[in-house]
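Enquirer: Below is a structure I'd like to ask you about.
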Amino acid sequence: MTTTMHRADAAAAPVISPYQESVADYWNREKNPVNLRLGEVDGFYHHHYGIGDVDGSVLEGPQDTRDERVIAELHRLECAQADFLADHLGAVTSDDRLLDSGCGRGGGSLVANKRFDCRVDGISISETQVAFATTQAAKHGVGDKVRFHLRNMLDTGFETGSFRAVWNNESTMYVDLSTLFAEYARLLARGGRYVTITGCYNDTYGLPSREVSTINAHYICDIHPRSTYFKEMANNRLVPISVVDLTAATIPYWELRAQSSLRTGIEDSFLTAYKNGSFQYLLIAADRI
Ligand code: GPP
Ligand code: MG
């Protein structure tokens, strides 16, 4: 009887390592205003950073509405980042199926569905995020096409070859890339597209700087070197088609965030790491051959 119950539990929740349990625990509790208040602007809740030039005028004007203006501007930059990722998903049609791997509160899945009118599955190991994202899909009226699941990105359980595109928006630093890309090589249809936007440490700097180590400790993650992305893609039939260094484009976002009441305390580490050359913000898009 005990064994049977154990099996039933295992079927309902993904098998995850103790490390992943600690990560899930972080995201189950996370309620940072920098994420929730930005999402409230238009119902697209993101868990990634922003790109593009800042409209500095948001810092001027009446003090009592300054927060509102800064929140809208930070959100605009995060939405620009999500759009930039979607730009690299390739020729997606409404018959295709996409995977948002490490979907957070589901903003990126909703962005892709809005653009391509296609089916999107989002996965997370955080029950809270899956429930939140599911509610958002219903609120947006797309609950039939955008679905969220409690699954482990290293072992998703989805059918082989069933996805036209898969992406990670700032979530690859929580997993081993050789295991991750082997799973994507299995999930992607031949000719399908993989896209990641990620922070990686710069091999030319050496090993992780103090600031990179501080970022790792802050989020309980393990930022990979740039080289590992390309090595593990090459090992898993993923051939890069675009590599874009977004480091300069994300610095204005961090400078604005550092001056906002929503800052979480990690802003100076990002700014220093980007500026001292130890850390880079990259988009990598690859074809599954
Ligand atoms: C942002 O999520 C991304 C991560 C936590 C992963 C780490 C990313 C790196 C590039 C190192 P978030 O939007 O929840 O973070 P925050 O609460 O700081 O805005
Ligand atoms: Mg955020």
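The values are calculated or read from the model by the stated rules, or taken from the named source; none is laboratory data. Every value quoted in this text rests on a predicted model; they were computed, and no experiment measured them. Glycine also receives a Cβ, built like all others from the backbone with ideal geometry; neighbour counts cover every protein chain displayed.
Enquirer: Out of everything in the stretch 14-37 that is more than 14 Å from ligand 1 (Cβ to nearest atom) and β-branched (V, I, T), what residue ends up being modelled with the lowest pLDDT?
Expert: Ranking the candidates gives V15 first.
Enquirer: Among the residues of the stretch 223-277, write down those that are among the charged types (D, E, K, R), more than 16 Å from H75 (Cβ to Cβ) and in contact with a helix residue (DSSP H, G or I) (Cβ under 6 Å, 6 or more places away or on another chain).
Expert: Across the stretch 223-277, the qualifying residues are E232, R237, E267.
The rows are residues; the columns are (1) among the basic types (K, R); (2) surrounded by 24 or more Cβ atoms within 10 Å (Cβ to Cβ); (3) part of a loop (DSSP other than H, G, I, E, B).
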| residue | (1), (2), (3) |
| --- | --- |
| S94 | no, no, yes |
| D100 | no, yes, no |
| G108 | no, yes, no |
| T134 | no, no, no |
| D144 | no, no, yes |
| F148 | no, yes, no |
| F158 | no, no, yes |
| A185 | no, no, no |
| R190 | yes, no, no |
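Enquirer: Condition (residue is part of a helix (DSSP H, G or I), buried (at least 21 other Cβ atoms within 10 Å of the Cβ) and in contact with a Leu (Cβ under 7 Å, 6 or more places away or on another chain)) applied to the stretch 275-287: is it met by at least one residue?
Expert: There is no residue in the stretch 275-287 that is part of a helix (DSSP H, G or I), buried (at least 21 other Cβ atoms within 10 Å of the Cβ) and in contact with a Leu (Cβ under 7 Å, 6 or more places away or on another chain).
Enquirer: Restricted to the stretch 61-87, and to residues that are among the acidic types (D, E) and in contact (Cβ under 8 Å) with a residue 40 or more places away in the chain, which residue is nearest to ligand 1 (Cβ to nearest atom)?
Expert: Selected residue: E78.
Enquirer: Of the conditions (1) surrounded by fewer than 18 Cβ atoms within 10 Å (Cβ to Cβ); (2) in contact (Cβ under 8 Å) with a residue 40 or more places away in the chain; (3) under 15 Å from the mean Cα position of the chain (by Cα), H140 satisfies every one except a single condition; which number is it?
Expert: Evaluating H140 over (1) surrounded by fewer than 18 Cβ atoms within 10 Å (Cβ to Cβ); (2) in contact (Cβ under 8 Å) with a residue 40 or more places away in the chain; (3) under 15 Å from the mean Cα position of the chain (by Cα) leaves (3) as the failure.
Enquirer: Would you confirm whether or not the stretch 157-173 contains a residue that is within 16 Å of ligand 2 (Cβ to nearest atom) and farther than 23 Å from A80 by Cα?
Expert: No, there is no match, as no residue in the stretch 157-173 is within 16 Å of ligand 2 (Cβ to nearest atom) and farther than 23 Å from A80 by Cα.
Enquirer: Moving on. Among the listed residues I71, I16, identify the single one that is within 13 Å of ligand 2 (Cβ to nearest atom), of a type in the set (V, I, T) and either within 28 Å of V175 (Cβ to Cβ) or buried (at least 17 other Cβ atoms within 10 Å of the Cβ) (or both).
Expert: Just one listed residue meets the conditions, I71.
Enquirer: Continuing with the same structure: Out of (1) within 18 Å of N169 (Cβ to Cβ); (2) part of a helix (DSSP H, G or I); (3) in contact (Cβ under 8 Å) with a residue 60 or more places away in the chain; (4) more than 16 Å from ligand 2 (Cβ to nearest atom), the odd one out for V58 is which?
Expert: (1)
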